[in-house]
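Below you'll find the structure, written out as structure tokens, and then a few comments.
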Amino acid sequence: MRMTGAEIICESLVKEGVEVIFGILGGAILPLYDTIPRYPKLRHVLVGHEQGAAHAAEGYARATGKVGVCMATSGPGATNLVTGLADAYLDSVPVVAITGQVTRALIGKDAFQEIDITGITLPVTKHNYLALEASSLAMTVKEAFYLARTGRPGPVLIDLPKDVQINQAEFKYPERVSLPGYKPTLQGHAAQIKKAANLIKESRRPVLIAGRGIIISGAYDELKRLAEKAQIPVITTLLGVSCFPESHALSYGWLGMHGMAYANLAVSDADLVVAIGMRFDDRATGRVSGFAPQARIIHIDIDPAEIGKNVRVDIPIVGDARVVLQALNKLVTTSKHADWLKQLDSWRKEHPSITIRDCEELLPQFVINKIHEVTGGEATIVTGVGQHQMWAAQHYWFDRPNSLITSGGLGTMGFELPAAMGAKIGCPDETVWCIAGDGGFQMTIQELGTIAREQVAVKIAIMNNGYLGMVRQWQDLFYEKRYFATPLNCPDFVKIAEAYGVPGMTVKSKQEVVPAIKKAMSEPGPFLINFMVKPEENVYPMIPPGAALSEIIEEPSKEVRSWSARNIP
Amino acid sequence: MVSTKHTLVSMVADRPGVLNRMASLFRRRGFNIESIAVGHSELPGISRMTIVVAGTAAMVEQVRKQVEKLVDVIKVSDVTGEGTITRELALIKVRATSANRSEIMQTVDIFRANIVDVSADSVTVEVTGDEQKITSLYRLLRGFGIKEIARTGVIAMTRGNVSSSLTEEKPARAKSDK
């Protein structure tokens, strides 16, 4: 059947099961936008800024596991997507972005709103396309979705010249793709898996470090079986939080710069690290030369390029976390590791890490704790980046699979609001709390308008401390408290929210916290709470930059400040 | 860890932008490409690239794996070592006078190189060989004065039955989108 390029794109999106598109239109993508209304299966959500579209697509993808879709016009529309695509790239999130482009004849002529978006996004996409023929559009969309969701997921961009949207071609959706240069390995190497099982058997102080790969591959049960069968403590990365129930007896928190002290101590003392679906990010490992110095390392990851990239690995296994764990679980023998677990429990007692001081001031940790209490741990938490992110990850106890959505690799402030919106649209039956900082919230604040218009029932909690808090903490600790450019002049967030059509309230004291959260929960639509928390509260524990995991500092003290004398990498 | 030169042979889909993807990746991962040579392979729609980079074995292996992740790259192998034939072609334009022209010709003969152009004050030499041979000839000719040199960059092929090409399967799609 002959169709226009725009129709081919819409038909293909329907074939891929797309339910929602986040985007903003413009001249170069107008033919496509003119066609979308004829496809009622495709819900379009008009956002306030293209960055919001990309993060919303990410939030949708992270919450549902399906591919998120965003659209923008050429030039500035396309460049505004870049931060969101980079965020998706670093956290392995399946996103397909479709951008308008000037007509083919104008490409390379610096035409109005022409920009080389495939060139710009080359290093932040898994793959990208400049679609030059209407006849190849169906295959391009098919490939884009296939690449985005398989193997190590990631963002794929399709740049679509205006005349290609108008030109006609025969439409037939291809059944399969042919990508000779792309063959992800799912099955782990049998001999390597056998070696891994033997190493686990020999080990006396093993730890599992589980990352987002567990969530992506849905290996929750397999991870639990391995941990329980071999009695290995489970520590997660920040992005791995909620891949293993934190109330489980074998859960020992998450590692890294602001992770639990006992988790970091356990990794530092382990004789075996079984790392699954994680990539040894520097925020997770601390100083690499001091990472798990006594341990042999088994690294299971779907991306062969991650193996040996940052740390030396004794047994590499390339494969899908779930598939590999299924094979490994068959070979692993039952063990006890009773002494080791006892040691960990005593560390946990000595270094509780996650305590909340009893004081009159309104502490952000207290607020998070109460959100956990009132939601009964049943909410999906979406955070931005900074202090509030660390407090949310520390003080909300995550028992439900995939219940923390956060920007890890890129560390994008302003991720929270649009991502929470995308997550709620993808999972309308879930309770979604957006935990924000007062700095990052203002970077994508315009999506309050989208949330109000679409009545997306996201509950927003701003940890308002009047600073770019995490940077202020570094200035406090390493730059002799020279608070340059970190104090903020925040507007009245409640008034702003009301102006956009989102009700809200400000909370200043501990007593008001629980009633406010309950009020937010009882509202049928979105609701914002502006928590005026203690301005100069720092996040602890903390591993100073350049220090090893074992050098974790648990309490505010001079000890931390002495690091300022050292060279911070 | 010793930094040495590595020769990578890569089979890539013949599509617009593939060279850019490759070069961009080396740049991003902090590798300086010493030479790169691209041309058709024995398979339609598939180009063969030979890239020479310097680095430790571990670093080059990391970049090789990153290159292998590119969707347009079908295969990439590190062929550094004994079992590999490497060749480069150079055109060298040497300053020449009637007095020293025969001396230049003798030097060229020793290297089994050819003179492909002669003018009143220069001769142009074409030489093929491994990098070392070309560098040696270049050094000798430098005494006469070099006006210009153009080198193709190294191409490489493994000896005997070992292949860097796509021996296992031929890709179904080999159509250029250009």
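The values are calculated or read from the model by the stated rules, or taken from the named source; none is laboratory data. Computed from a predicted model, the values in this text were never measured in an experiment. Reconstructed Cβ throughout: ideal geometry from the backbone, glycine too, with neighbour counts over all protein chains shown.
What the table shows:
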item: Failed item in (1) under 21 Å from A:I216 (Cα atoms); (2) part of a helix (DSSP H, G or I), with A:D399 passing the rest; result: (2)
item: Subset of the stretch B:64-81 that is part of a loop (DSSP other than H, G, I, E, B) and more than 9 Å from every other protein chain (Cβ to nearest Cβ) - its residue that is modelled with the lowest pLDDT; result: B:G81
item: Residue match in the stretch B:46-63 (condition: in a helix (DSSP H, G or I), surrounded by 15 or more Cβ atoms within 10 Å (Cβ to Cβ) and touching a Ser or Thr at 6+ places or on another chain (Cβ under 9 Å)); result: yes
item: Residue within the stretch A:166-176 that is facing another protein chain (nearest Cβ under 10 Å) and hydrophobic (A, V, I, L, M, F, W, C) present; result: no
item: Residues located in the stretch B:30-44, provided they are crowded, with 16+ Cβ neighbours inside 10 Å and either among the β-branched types (V, I, T) or more than 9 Å from the chain's Cα centre (by Cα) (or both); result: B:F31, B:I36, B:V38, B:S41, B:L43
item: Subset of the stretch A:130-144 [within 11 Å of chain B (Cβ to nearest Cβ), farther than 28 Å from B:R28 by Cα and either outside any loop (DSSP other than H, G, I, E, B) or touching a His at 6+ places or on another chain (Cβ under 7 Å) (or both)]; result: A:S135, A:S136, A:M139
item: Test for B:T84: is it more than 14 Å from chain A (Cβ to nearest Cβ) and surrounded by fewer than 20 Cβ atoms within 10 Å (Cβ to Cβ); result: yes
item: Some residue of the stretch B:143-165 being under 25 Å from the mean Cα position of the chain (by Cα), at negative phi, within 14 Å of chain A (Cβ to nearest Cβ) and touching a residue at least 12 places away in the same chain (Cβ under 8 Å); result: yes
item: Odd one out for A:G253, checked against (1) of a type in the set (G, A, S); (2) assigned to a strand (DSSP E or B); (3) within 14 Å of chain B (Cβ to nearest Cβ); result: (3)
item: From A:I216, A:I193, residue being in contact (Cβ under 8 Å) with a residue 24 or more places away in the chain, in contact with a Ser or Thr (Cβ under 7 Å, 6 or more places away or on another chain) and under 27 Å from A:G151 (Cβ atoms); result: A:I216
item: Candidates A:R279, A:R322, filtered to the one that is crowded, with 17+ Cβ neighbours inside 10 Å, assigned to a loop (DSSP other than H, G, I, E, B) and out of contact with any Pro (no Cβ under 7 Å at 6 or more places or on another chain); result: A:R279
item: Matching residues, the stretch A:465-504, being of a type in the set (S, T, Y) and more than 18 Å from A:E447 (Cβ to Cβ); result: A:Y467, A:Y479, A:Y483, A:T486
item: Residue in the stretch A:89-114 that is surrounded by the most Cβ atoms within 10 Å (Cβ to Cβ), counting only those that are over 27 Å from A:G422 (Cα atoms), of a type outside the set (D, E) and away from chain B (no Cβ under 14 Å); result: A:V102
item: Residue match in the stretch B:45-58 (condition: without any contact (Cβ under 8 Å) to a residue 60 or more places away in the chain and facing chain A (nearest Cβ under 10 Å)); result: yes
item: Hits in the stretch A:282-307 - residues which are within 14 Å of chain B (Cβ to nearest Cβ), of a type in the set (A, V, I, L, M, F, W, C) and either assigned to a loop (DSSP other than H, G, I, E, B) or closer than 24 Å to A:R225 by Cβ (or both); result: A:I302, A:I307
item: Matching option when the condition is closer than 22 Å to A:F398 by Cα and either among the hydrophobic types (A, V, I, L, M, F, W, C) or within 14 Å of another protein chain (Cβ to nearest Cβ) (or both), among A:L363, A:L272, A:L331; result: A:L363
item: Search result, residues across the stretch A:222-243 that are part of a loop (DSSP other than H, G, I, E, B) and either buried (at least 24 other Cβ atoms within 10 Å of the Cβ) or not assigned by TED's automatic domain parsing to the domain that holds A:Q343 (or both); result: A:I232, A:P233, A:T237, A:L238, A:L239, A:G240, A:V241, A:S242, A:C243
item: Within the stretch A:476-520, considering residues that are in a helix (DSSP H, G or I) and of a type in the set (K, R), the one nearest to A:G377 (Cα to Cα); result: A:K518
item: Failed item, numbered, when A:G52 is tested on (1) within 24 Å of the chain's Cα centre (by Cα); (2) without any contact (Cβ under 8 Å) to a residue 12 or more places away in the chain; result: (2)
item: The stretch A:130-141, subset surrounded by fewer than 21 Cβ atoms within 10 Å (Cβ to Cβ) and either among the small types (G, A, S) or without any contact (Cβ under 8 Å) to a residue 12 or more places away in the chain (or both), residue farthest from A:G218 (Cα to Cα); result: A:S135
item: Residues of the stretch A:115-129 classified as within 14 Å of chain B (Cβ to nearest Cβ) and surrounded by fewer than 21 Cβ atoms within 10 Å (Cβ to Cβ), total; result: 5
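Matching residues to (1) surrounded by fewer than 24 Cβ atoms within 10 Å (Cβ to Cβ); (2) in contact (Cβ under 8 Å) with a residue 40 or more places away in the chain:
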{"site": "A:E143", "(1), (2)": "yes, no"}
{"site": "A:Y146", "(1), (2)": "yes, no"}
{"site": "A:R152", "(1), (2)": "yes, yes"}
{"site": "A:L157", "(1), (2)": "no, yes"}
{"site": "A:L160", "(1), (2)": "no, yes"}
{"site": "A:A169", "(1), (2)": "yes, yes"}
{"site": "A:E175", "(1), (2)": "yes, no"}
{"site": "A:G181", "(1), (2)": "yes, no"}
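This table checks each residue for (1) assigned to a helix (DSSP H, G or I); (2) in contact with a Gly (Cβ under 7 Å, 6 or more places away or on another chain); (3) assigned by TED's automatic domain parsing to the domain that holds A:I117.
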site	(1), (2), (3)
A:Y60	yes, yes, yes
A:G77	yes, yes, yes
A:L81	yes, no, yes
A:A86	yes, no, yes
A:Y89	yes, yes, yes
A:A97	no, no, yes
